[in-house]
Structures are given as structure tokens and as C-alpha cells.
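What follows is calculated from the coordinates using simple rules that are stated; it is not laboratory data. Just so we're clear, the structure is a prediction, and the values are computed from it rather than from any experiment. Cβ sites come from the backbone with ideal geometry, for glycine too, and all protein chains shown count toward neighbours.
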Protein chains: 2
Amino acid sequence: MRHQVIMACRDPPAPARLKVLAVTHYSRLCKIVIDVPQEVHGQELAFWQGATGQEMVQAFRYPEYHGADLPGQEIGLLVQRIGGGQSRVHVDIHTDDLEAEVGRLEALGAKREFQAHAWWVMSDPAGLLFCVVPDEPGALHDQNAQRWD
Amino acid sequence: MRHQVIMACRDPPAPARLKVLAVTHYSRLCKIVIDVPQEVHGQELAFWQGATGQEMVQAFRYPEYHGADLPGQEIGLLVQRIGGGQSRVHVDIHTDDLEAEVGRLEALGAKREFQAHAWWVMSDPAGLLFCVVPDEPGALHDQNAQRWD
């Protein structure tokens, strides 16, 4: 949990008088990502489009991703073309406060692996990779996400 | 797609007069499943409970599964204790017609791997395993699933 240091206006800014205030943030498990290397990417994309009945649209900013919403769901499905290695499935956690959420997950036993674009790749206690992705301000609230005080 | 053979009442039941009628069914991507071997199962379960803020309840009939709904979502999260091997993430597709859905996915390029309990384990074109699970009658409809005519 991130803490913000607040100084009371009437008091001198002495370290002993600093007050620590917890800042609320939100997070939720938001995407299922299927990672596949180039050689099976076309087949895989076609398969998951057919399986879900949804057109998967290529992301303009990150063209290695194709994504679709799922009928009646807030969770979306992505297919990512990876440079090489084994195919796998991972999940993305979205949050409105990246540092607070990454810190919270570290305290639960996850590890920071590396930063990619605007997000963090982390590993869970079993070594499975997952991403923590900053969401647009206001996208997460009490009705669709978990609030952390 | 499954087809049902319907015989017209007034006509003789000659093969040439048989009418083939498509039967509607529904499916949707419904669960994210984290598979981990015994040695990290406790840690993994604790981590994903903390990460999502949801208590994961042990399934009575299949005690190797713990599951939780996700806030504001219809998709649920499961942690499965597996006998051994590598940890991984897989998805479950739920359907109200198992044979029709498995056949539809085969036609798209998936393969049947084996039956487990009431469901089929299949592999996608990249070799990733996923499950096709029969859902309760009436659970899937136009608002929460994809209809296949």
C-alpha cells in the first residue's frame, strides 16, 4: 500500500509531526492474454476469434496485440505475438495506481521481473508471469474492481 | 455444429427424405484456471486470494479446485492443485451442449486430448490446453454467451 506524507498547515514541518495517510487505489483482473510465437500466431488468432465468436482487433499502439471483448463480460481476451519461446497464457491486473498495486502484490509474495512499455511484468509464487497495467483514471471503481485502502 | 435428424411424420422414413436441422447451442469463455503442483499450492492460493481480494472456496465435488468470483465480472478464477509438472494458466469454455461445442472447436483446429470428469480437455493450434465444460441448463443465453446456430 502506498502512503502519502501529509503535513498539517498549522504545524512546523518537523519530521516528528509528519502524518502518514493511506491512499485508496483500485485493481482488478482484467485481461486473459494468450502469448504465441510468430510461427503459430496466425492460426492461433484465427482459432480464438472463432472460438469466442469475436473479431480480435489489432492494437494501434502495440501491434503485437490483438484484442476482443467477451460477450457479457468486462474481462477481455488478447493474443500476443511473442519473439520466441513457449506459448503460454497469462493474466493482466489493471490498476489506477501502478506503484501502489505493484508494492501491494510484492508484499503478498510476487516479484518484479521487468518493465515493459507502461506496465510491470511480475511473477507469482509459482513463477508464473502476470502483468500489472495502469488503467485510465476513473475506469476502476467500487462496482467493477477491488478497492484497497 | 451438431445436427439432429428429424423425420417428417407424413413421409416414409426413407433416407432420401430425412431432413437435417441445426440445433442452437451457447458457449462462453468462463474461467481462468491457475494450475500448480502440490509444493506451491498453498502459497499460490494465498497469493491469488490476496491479489484479487476474494476468498477462494474449495469445491466440494472436486477438492483439487478452489474458486472465486471476481468483482463485477462473470468470469471466475480457479486455482487447481495438479499432481506434478509445470505450473501454467489455462482457460475454460463453458457450454450448454458439450458435444456440439467440442465438435465446433475441432472444426476450428482444436484437438481432443482427454476427458476429465464431465468435461473435455482440448489443445488449441499452439498446443495450449483448455477445457470445455458443460454448464447447467439455462445458465447461458444471449446476454452472457455466444449463440451458435
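I'd like the chymotrypsin sites (Phe, Trp or Tyr not before Pro) in the range A:49-149 restricted to DSSP loop residues with at most 10 other Cβ atoms within 10 Å, sorted by number. Walk me through the intermediate numbers first.
Details: sites: A:Phe60, A:Tyr65, A:Phe114, A:Trp119, A:Trp120, A:Phe130, A:Trp148; in loops: A:Phe60.
Those satisfying the criteria are A:Phe60.
Where does the longest stretch of chain A lie that holds no trypsin sites (Lys or Arg not before Pro) found in a DSSP loop with 10 or fewer other Cβ atoms within 10 Å? Don't skip to the end; give the middle numbers.
Values: sites that count: A:Arg10, A:Arg61.
Longest stretch, sites excluded: A:62-149.
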- [ ] Can you tell me the 0 to 90 degree angle between the C-alpha axis of helix A:38-52 and the longest principal axis of chain A, rounded to 10?
- [x] 90
Open item on the list: Can you tell me the orientation of helix B:98-107 relative to chain B, as the angle in degrees between its alpha-carbon axis and the longest Cα principal axis, to the nearest 10?
Closed with: 90
Task: Copies compared at A:Ala116 - label distances in nm, ascending, label defined 7 Å from Cα in the Cβ direction - done: 2.5
Task: Loop-located GluC sites (Glu not before Pro) in the range B:92-126, at most 12 other Cβ atoms within 10 Å (DSSP) - done: none
Task: Within chain A, helix-based [θ] at 222 nm, where runs of 4 or more DSSP H residues each add -39,500 (n - 2.57), nearest 500 - done: -5500 deg cm²/dmol
Open item on the list: Relative to 2.2 N^0.38 Å, what does the C-alpha radius of gyration of the range A:61-123 come to as a ratio? Two decimals please.
Closed with: 1.27
Open item on the list: For B:Gly42, place a label point 7 Å from Cα along the Cα-to-Cβ direction in every copy; what are the distances to the other copies, in nm, shortest first?
Closed with: 5.0
Task: 11 Å beta-carbon shell around A:Asp135, net charge (K/R +1, D/E -1) - done: -3
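Defining a contact as two alpha carbons under 8 Å apart and six or more residues distant in sequence, what relative contact order in percent does the range B:28-146 show?
Working: 208 pairs, mean separation 31.8, N = 119.
Relative contact order for the range B:28-146 comes out at 27 percent.
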- [ ] Place the label 7 angstrom along Cα→C-beta at A:Gln143 and in each other copy, then list the distances from the first to the rest in nm, shortest first.
- [x] 1.5
